[in-house]
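Remarks on the structure that follows.
Nothing in this text is a laboratory measurement; each read-out follows from the coordinates by a stated rule. Just so we're clear, the structure is a prediction, and the values are computed from it rather than from any experiment. Quick reminder, even Gly has a Cβ in these numbers, built from the backbone with ideal geometry, and neighbours come from all protein chains shown.
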Amino acid sequence: MTTTNSMTDVHNGLTDELRARNDIIECRGVDKWFGDFQALRGVDLLVKDREVMVVLGPSGSGKSTLIRCINRLEVHQGGDIIVDGVELTNDLRNIDKIRSEVGMVFQQFNLFPHLTVLDNITLAPIWVRKKAKKEAEQKAHELLERVGIPEQANKFPGQLSGGQQQRVAIARSLAMEPRVMLFDEPTSALDPEMISEVLDVMKDLANGGMTMICVTHEMGFAREVADRIVFMEDGRVVEIGTPNQFFTDPKSDRTKLFLSQIL
Amino acid sequence: MGATMDGPIHVPQDGDAEALDYTKAAPPEEPVTPPGRWVKENLFSSTSNTIQTVIFGGLLLVLLRFVLNLVFSEENNWAAVATNVRLLMSYNYPAEQYVRIWFTVGALAAAAGLSMAAWQLHPRISVRRIGVNLLGTGGVLIVMGILTPGATPSSIRIGMLVIGAALLVIGAGLLFGTEDPHLKHVSFTAVLLTISGLIIAFLWLFPLGKYLFIDGEAIQEDGTVSATTKGPWTVTILILLASLFVGRAIGKAIGGTRPLRLAMGVWWVIGPAFLIFLVLRDPEFDWDYVLKVDLPLALAFGLGGGALLYALTKPTFADQARAVGAVLMGFAIFNWVAAFFGWYAMLQKVRFSFLALALFALAAPTFAGEKSARLRFAGMWLGLVAVGHWLITGINTPSTLDITAPPFLGGFVLTVSIAYYVMLASFPLGILLALARTSRMPIFRVLSTIYIEFVRGIPLITVLFFFSIMLNLFLPNGMAVSELAAVFTGYTVFSAAYMAENIRGGLQSVRKGQYEASDALGLTGVQRTGLIVLPQALRVSIPNLVGQAIATFKETSLIAIVGGFDLLRIADKTIPAQTAFIGQKRVGLLFICVVYWAFSYSMSRASRNLEVKLGVGQAR
Amino acid sequence: MPAASAHHERPPFWRNTNVLKWGVQILTLAAVVAAFWFLVSQAKTNLDDKGIPVGYDWLNDPANIQLGEGIDTVPDTMGRALWSGMVNTLRVAVLGIIASTILGIVLGIARLSNNWLAQKIASVYVETIRNIPVLVQILLWGVIVASLPELTADPGEKRWFFASQKGISLPRVFYADGFYQFVALLLVLAIPIWFVRRYLKRKQELEGGEQHVGSVTFGLFVLAAIIAWFANPIMAWPRGVFHAIEDAWAEIPQSVMQLILTVIAVAGAAWWIKRFLDSRRTPAGLAKLIDDDYFRMIFAVVGALAFVFVVWVLWPGLSSWIINSGSDFWGWLGDKFGGDRGSRPLDGMRPTVTEGGRFVNYAPTGWTLTPAFAALFFGLTFYTASFIAEIVRGGIMAVPQGQNEAAAALGLSRGQALRKVVLPQAFRIVMPPLGNQYLNITKNSSLGIAVAFSEVVQVGQTLYNKNNQTLAMYSIFMVFFLVCSLTISGVVNYINNKLKIVER
């Protein structure tokens, strides 16, 4: 497929350096219906290795649905999704592989309230990666250190603040050593004073070379950290570009409208 | 906000963290109001209030008089109950073997004491509550003493008046003699010790009289209860207290109650079976056969299966494990089909073992991991084989007891055992049905819904009759179950449907996000259900499950209709048929009312305390 | 921009989630059906070996039993005996439902009363009664009733109230000959009343002011009842109409009824599928259907086909049964009108002793609770009332405290606030668990067997002890109780839905 100048070309905004890297996620014409509502309409997307992609768009535009399809939390009904060379099909093995290679952080944290922070983090490494308990706990302590809350290991999620819970959720995903991290509006449920502590962890992660797709409304974060920004509306990708292109020189009228509403 | 949105339960439950002070959850008690103002505020605050006081006061007098008439009627011969207490409790259990019963009671008392220590059940009780309770009891006793009919022995009437007055005085002294009685607390240990002391003193000092049967003749002697009753009960109470303190000491020594809780949890599942089938039933093992057949079989399954499972739990062997599991499952099912058609003989135990092994093999990939995890899994299998084989052998071996009727259990022991095992057996079944009913797979949902709604639509008594009469009709030639086992099966089938509905309520309270987070982490469906969903759902279901346990305990009385010699059957049929106590139905029924009430009521009280402790009620 | 044709690799079937999902389900279904079929055929074999044919022909065999009470104490056939038992079950269930509801509401409100004594008595009642098994209570009531004094009255003596070992007797009101005519006339008169009501309502909406809609309607209705009481003989003409319908029903050939049933089933399934597809249709065309949706449609079709199969092949008698019983129904209804019947709609009578120490049950001589009935009724009522009291209390407490305060702020008294504000709201919360309790009463009425009350299970047991038709008998029990359950839950759901619409 040759490169065109269309606003939605999946290669738009790629630097030469990024262009040379491997494809990690590739979506081709992805369709998704909920009953009679079509949430995704032929979405094309390409994410390169170690790229940070931020997905923007008004609510109901299909951003969350898209990244949930990449993790197979939702089953797409048309088109193809290929993650790290593995196509998402009905194949049980592929699903298992993708789930353990793609980490996900949710808006509502979704920590397991009946387990301690430590057990939350070590659960999947022990049961899915079949790691030894000692090893998993050591790794968990390291991760808690990294997200800045090493002293909370033996507390229960209900005893933590929202920001701390979200950081535990990030540590929980990282414990599986994923190749890709998906963030589904990770700061939307937080009180304003807690947002920055979570964003700091995410920036740190991006600088460390993690491949990330973030659905977020944090424009500052998008401008500072993203390699590319994707704008979605009505289940379609409207525009793809670098943060610079996107914020200073948006191509589409819808993007302009959206930016004028939020900035 | 976000922090409290995550799930229905936020309060940490494991005592090891000891993070929250649960006593804070109890509402603060109000200070004591002076008697005059209290009466005015609560009984005569307005015209309608005064009218209610008059109406309900009159109603109270009529009701009390009615109940007292029932209890102290001239037609009643309470010796019928006193003489038959042993019959009511354990039916025909041979007197010379009674030490087995006492061993069982003692073991249960020890377990209860240890469990109290393990789950840290020691509520703080305020002086106000004790005072109010004493005042209330004293008042009711005095009213009863005045109202009681003429037929009442004067000793009882005077006793009620005297004890009532004494309680009133003590209660009033506590309430109005102490400063701020609602803020002062008495430790649970002190209350327990006081009550235990009172019971022991009552047993040894109070002249209740001895009642016994000698050659079918009912004999009554003066004095305190016979030593064969008060001795063991005293020891039992002491065991309970001792084990409570031992449990607390252990908790302190190892710095946490979790291991103790785990041990007690396992005991409550296996222990009662041990008590019933090994202690009470005392199977007469044919040691020759046991050594030649049973033991080698158990060893073969235990060690061979253990080795196989150890191999299959290697993380890289997942596919092989599934294949082996599928083959074994096919073989196990084939064995059952063959049994129905009588193609080849095989010990029932072997059939069960193959089925269990197939299930374990299928579960092996889920439990795969490093060496210690694999050894634990193989160990679980060994334990299951040991307990299962011993139990099947024990049940199939004749008992040494000299009892004419086939079931060796009867009376209260039967009532409790049936209730306990029905709950235990219907629990896994109920979980499966609830999972199927909330499943995304339509055929499972339809099948489970049909089953649950069907069973819930028909009365228990028809289910029990159906199984007791029909179960053997459905089985092929050569297979049969005893009537009691058939009734038990029917009751379990019935109870599972209700259990499923209760658990379904808990399942529905688990947020969708919990499923998504588990999926995103790559947990398998079984792991998601077992590690994430069920632990949360069951905790929410606890109040309903206790409610069902109480209902099950009460409804066990229905086996009296289908032929079991339980508490009710003995009070309703056996005692009134004794020549010494012809027609004495009423006293027996009143007595078992008290027994049933005491157990159900304390269970419901305990569950309310548990709810507070687990923070179930305060969710949301 | 067409995507490059993707190369879809089909996963092997043992890893394909769709195949696994459906494979497991279908295997389970097959296993359940096979196990069921196997068990039933095994039972049939076992019964055949014992020489007991499986079927329902025995329903027409002579019963040779005597029932303690009921519409027919010496039934001719076994079917009639069972029917009599069913009526007894329903009698005790309905009375128990009414009585326990009243008692339960009183207790529930008393538990929340500001009067200490009322509160305590109600909570002691609830905590005592609900922790004692209902069966024990029923037996205890049996013993209490049995210890009542002997019946000493002379034959022919009438009294207002008897309480004796033979039961408890009260005066009784019963329908007399003119009852159906009375009801029919009342229905006819209700039509103009309805129009008057509608007119008044419109007037109130248009002109405002108080038009007294409720009281005028009620007054007119009372007037209509008085008129109908005396004028009901003019409603004799339906007799001919209903008998004509009876004849017309009887004329329907069996094949026509089969055809009608087939059309109903097929049209029902088709209508359901069409509605289902409509709900999935979008402006852009039909939305993608998931396998659940296909399953539902297949289920509808299979259900309809199974019904058709039953109608034509498995049980052709169903159609003639519908024809016969429909015809019988119209005939029965026709007989209730005209002829040489009297005109009094209702009549009453005091209990009478017919011979020394005996009442005649079910004759119009007072309403007698036999000892068995009384024991069962008291046991069920008092037991269930304790649960209903808790439900009512929970319902009232679930109404936010703000509602009470708002009512007080408007100047309503405590009683008015309870009646007009709290109870209507609590009703909605209370309804579903209340329905469960009604179901429990119906099911627990089968415990009458312990006091030898002739309800359906007791009668059934007596019968199968005679002829060993256990399997068929249990199928009848189950169908009977399931119909009761479905009826009660249907009524409860209906009321609940009604209340929801009112809420809007």
Q | Length gained when the stretch C:TYR294-C:MET431 is fully extended (0.36 nm per residue, less Cα-Cα span) | A | 45.8 nm
Q: Would you work out which of B:PHE285, A:PHE246, B:ASN42 lies farthest towards the positive end of the dipole of the protein assembly as shown, given +1 charges on the beta-carbon of Lys and Arg and -1 on that of Asp and Glu, about the Cα centre?
A: B:ASN42
Q: Arrange the following residues from fewest to most other Cβ atoms within 10 Å of their Cβ: B:VAL337, B:VAL416.
A: B:VAL337, B:VAL416
Q. In what sequence do B:MET116, B:MET380 fall when counting other Cβ within 10 Å, fewest first?
A. B:MET380, B:MET116
(Q) Compute, for the protein assembly as shown, the length of the dipole vector about the Cα centre, with Cβ point charges of +1 (Lys, Arg) and -1 (Asp, Glu) only. Units Debye, rounded to 20. (A) 1280 debye
Q. Taking H as built 1.01 Å from N, whose amide H comes closer than 5 Å to the amide H of B:ILE125, not counting residues under 5 places away?
A. B:VAL186, B:PHE188
Q) Among the listed pairs B:LYS40/C:LYS120; B:LYS573/C:LYS443; C:LYS158/C:LYS336; A:LYS134/B:LYS252; A:LYS134/A:LYS155; A:LYS63/A:LYS251, which are separated by more than 22 Å between their Cα atoms? A) B:LYS573/C:LYS443; C:LYS158/C:LYS336; A:LYS134/B:LYS252
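If I stretch the segment between B:VAL481 and B:PHE202 completely, what's the gain in nm (0.36 nm per residue apart, minus their alpha carbon distance), one decimal?
Working it through step by step, the gained length comes to 95.9 nm.
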Q: Using the number of other C-beta atoms within 10 angstrom as an exposure proxy, rank B:LEU291, B:LEU409, C:LEU220 with the fewest first.
A: B:LEU291, C:LEU220, B:LEU409
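For the stretch C:237-349, give the magnitude of the charge dipole about the Cα centre (Cβ charges: +1 Lys/Arg, -1 Asp/Glu; no others), in debye to the nearest 20.
For this selection, approximately 500 debye.
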Q. Percentage of Cα-Cα pair distances in the stretch A:1-126 greater than 17 Å, rounded to whole percent?
A. 65 percent
**Q.** Listed residues C:ASN324, C:GLY342, C:ALA270: farthest to the positive end of the dipole of the stretch C:237-349 (Cβ charges)
**A.** C:ALA270
Q) Among residues other than C:THR442 whose Cβ falls under 14 Å from its Cβ, what is the net charge (Lys/Arg +1, Asp/Glu -1)? A) +2
Q. Once the other residues with Cβ under 12 Å from the Cβ of B:LEU308 are scored (Lys, Arg +1; Asp, Glu -1), what is the net sum?
A. +2
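Under unit Cβ charges (Lys, Arg +1; Asp, Glu -1), what dipole magnitude, rounded to 20 debye, does chain C have relative to its Cα centre?
1760 debye
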Q | the stretch B:286-398, Cα convex hull volume normalised per residue, Å³ | A | 94 Å³
Q: Quick one: work out Rg over Rh on the C-alpha atoms of chain A, Rh as Kirkwood radius.
A: 0.97
(Q) Need the full-extension length gain, C:LYS466 to C:ALA244, defined as separation in residues times 0.36 nm minus the C-alpha distance. One decimal, nm. (A) 75.7 nm
Q.
Taking amide H atoms as placed 1.01 Å from N in the peptide plane, list the residues 5 or more away in sequence, or in a different chain, whose amide H sits under 5 Å from that of A:ALA39.
A. A:LYS32, A:TRP33, A:PHE34
Q. Across bins of 10 angstrom width beginning at 0, how are the C-alpha pair distances of the stretch C:382-447 distributed, in whole percent?
A. 21, 41, 24, 11, 3
Q) Quick one: Cα centre-to-centre distance for the stretch C:124-188 and the stretch B:563-590, in angstrom? A) 27 Å
Q | Whole-angstrom gap from the stretch B:281-322 to the stretch C:211-253, using each part's C-alpha centre | A | 78 Å
Q. So if R0 is 22 Å, what FRET efficiency would B:GLN578 and B:ALA227 give, r being the distance between their Cβ atoms, rounded to the nearest 0.05?
A. 0.35
Q.
Greater than 27 Å separation of Cα atoms is the criterion. Which listed pairs, A:LYS139/C:LYS21; A:LYS32/C:LYS274; C:LYS21/C:LYS44, meet it?
A. A:LYS139/C:LYS21; C:LYS21/C:LYS44
Q. With the Cα gyration tensor of the stretch C:174-235 giving a ≥ b ≥ c as the square roots of its eigenvalues, does the rule (a/c under 1.5 for rounded; else a/b larger than b/c for prolate; else oblate) give rounded, prolate or oblate?
A. prolate
Q: Between A:VAL86 and B:TRP102, take the C-beta separation as r, use R0 = 56 Å, and let me know the FRET efficiency to the nearest 0.05.
A: 0.25
Q: Let me have the 222 nm mean residue ellipticity of the protein assembly as shown computed from DSSP H runs of 4+ only, each contributing -39500 (n - 2.57), with the sum over all residues rounded to the nearest 500.
A: -20000 deg cm²/dmol
Q: Taking 7 Å along the Cα-to-C-beta vector as the label spot, tell me the C:THR73-C:LEU90 distance in nanometres, rounded to one decimal.
A: 2.2 nm
Q: Could you work out how far the C-alpha centroid of the stretch C:34-65 sits from that of the stretch C:72-95, in angstrom?
A: 23 Å
